[in-house]
Amino acid sequence: MDKKVRIGVFGGHRGFTMIDQLLNHPDAQLVAVCDKYEPLLDKVTGAAKEHGIEVGVYKDFDEFIKHDMDAVVLANYAHEHATYAVRCLEAGKHVMSEVLPAETPAQLVELVEAVERTGLVYTYAENYCYMKAPFEMRKRYRSGDVGEIQYGEGEYIHDCASIWPEITYGERGHWRNRLCATFYCTHSCGPIISITGLRPVKVVGFETNPNYEEKHQRIGLVRSTGIEMITLENGAIIKSIHGGLKREPGSINYQIYGTKGMMESARYNDEEFNIYREGAKLCQGEWDKYDPENDIGKEIEIKSGGHGGSDFYTTHFFIEKILGRPDGEWAIDVYTACDMGLCGLMAWKSVVNGNVPMEVPDFRIKENRDRYRNDNACCTPEVAGDQYLPTTLYEIPKYSDKVYDDVRKQWLGEKCDINELF
């Protein structure tokens, strides 16, 4: 493909980062955006006008998907990514999906088979894999610098309470208000899987006790933290933890312990990477600490501060993959997306069943997919049916409609009883 890749974005809030990337990428053309919130569409129209172009704006997905475009970035609600990815693929569009890949194993089966059937590009935008330290860790691990992984940790602690109105809009049924503790797992386990290239094969899930402090109840929060203990195919163990525990700033941290040494991101300094390598003598080695530089895509001058600059790479690698260029091989494919997402889905089954170990199936194999083809277990009643799983094992406070009305008013900038919390 010699021409620019024509790309549409579904979801204008989270998607505005990708919109900005596409407006400035030399090999892409933003052609359409869909969102139910009209002020966001006005913002898109204004940004496009500043770049001297027109962009189709839609409030209805069925109209949006008819637009003449090559690919779609899915930045819609996290529990609906697979459903819309399949629709886009069936409409002949390449797909980049934001986090998470799917809500149920059955949706992942349908997604994999849609990718295989259409032969179109699907990439998973797990941007934390492309932050400075995880990106460097992947290069160093694949070079054999610390040997074979024996143990790893991924940590994503982010208390979203201060931005709850901005990301839930006062919707009682918003997916974040029905989120089980282990669902949003790929910011913590995904980079370890990406770094090592190893599949998860087993997981045990845990849910902490929830935080029902008075301030949280005033904004309708149901918040536990999820932990997954994951076994990789070589026998190594990963601890993955993610949630809204109390600390500021939040913690994004990764560690790899190998047979020849270890490496880690610096918890309090995102510009520092640490690696220890044992020398010729037992228990004697050297540390190297530095700010890693990444020259991939450096010739494209797009300034992106989103998520430590990693947002650029998800979009860039998607474009490169469509164009068949070497940098596209850095993109996360549908099978690896399944590996990452299934860790959280199966971990919640583990929690509900008393923290028993659960298989993480390999959906590259059709026979494995057949066993999960009708597995709709999740926390959304209208999707799960009689396979419904509770959002938490703890009792949930009975929040009044006023709680959500106040959250919506806060989002809209109106006076309400919770203004002083923000």
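Given 124, 141, which one is closer than 22 Å to residue 342 by Cα and either among the hydroxyl-bearing types (Ser, Thr, Tyr) or at pLDDT below 95 (or both)?
When all the criteria are applied, what remains is 124.
Within region 250-288, can you find the residues that are modelled with pLDDT under 95 and either out of contact with any strand residue (DSSP E or B) (no Cβ under 8 Å at 6 or more places or on another chain) or in a loop (DSSP other than H, G, I, E, B) (or both)?
Scanning region 250-288 gives 250, 266, 267, 268, 269, 270, 271, 272.
Given the condition in a strand (DSSP E or B) and either open to solvent by 10 Å² or more (accessible area, probe 1.4 Å) or in contact with a helix residue (DSSP H, G or I) (Cβ under 8 Å, 6 or more places away or on another chain) (or both), answer yes or no: does some residue in region 289-304 qualify?
Yes, there is a match, as at least one residue in region 289-304 is in a strand (DSSP E or B) and either open to solvent by 10 Å² or more (accessible area, probe 1.4 Å) or in contact with a helix residue (DSSP H, G or I) (Cβ under 8 Å, 6 or more places away or on another chain) (or both).
For residue 164, only one of the following conditions fails: (1) among the hydrophobic types (A, V, I, L, M, F, W, C); (2) in contact with a strand residue (DSSP E or B) (Cβ under 7 Å, 6 or more places away or on another chain); (3) more than 24 Å from residue 274 (Cβ to Cβ). What is its number?
(2)
Just for strands (runs of 3 or more DSSP E) wholly inside region 1-83: which have at least 2 residues that are touching a helix residue (DSSP H, G or I) at 6+ places or on another chain (Cβ under 6 Å), open to solvent by less than 50 Å² (accessible area, probe 1.4 Å) and modelled with pLDDT of 95 or more?
Result: 5-10, 28-34, 71-74.
Quick check on residue 102: is it aliphatic (A, V, I, L, M), in contact (Cβ under 8 Å) with a residue 40 or more places away in the chain, buried (at least 24 other Cβ atoms within 10 Å of the Cβ) and in contact with an Asp or Glu (Cβ under 8 Å, 6 or more places away or on another chain)?
no
I need the strands (runs of 3 or more DSSP E) fully contained in region 140-249, keeping only those with at least 2 residues that are small (Gly, Ala, Ser) and buried (at least 21 other Cβ atoms within 10 Å of the Cβ).
149-157, 237-243
Among (1) among the charged types (D, E, K, R); (2) within 16 Å of the chain's Cα centre (by Cα); (3) more than 30 Å from residue 376 (Cα to Cα), which single condition is residue 38 missing?
(2)
Return only the number of the condition from (1) surrounded by fewer than 24 Cβ atoms within 10 Å (Cβ to Cβ); (2) within 23 Å of residue 184 (Cα to Cα); (3) over 18 Å from the mean Cα position of the chain (by Cα) that residue 137 does not satisfy.
The single condition residue 137 does not satisfy is (1).
The values are calculated or read from the model by the stated rules, or taken from the named source; none is laboratory data. Predicted, not measured: the structure shown is a model, and the values here were computed from it. Positions of Cβ are backbone-derived with ideal geometry, glycine not excepted, and every protein chain shown enters the neighbour counts. When the accessible area is computed, the model is the full protein with side chains, heavy atoms only, and any ligands, DNA or RNA have been set aside. Shrake-Rupley method; radii C 1.70, N 1.55, O 1.52, S 1.80 Å.
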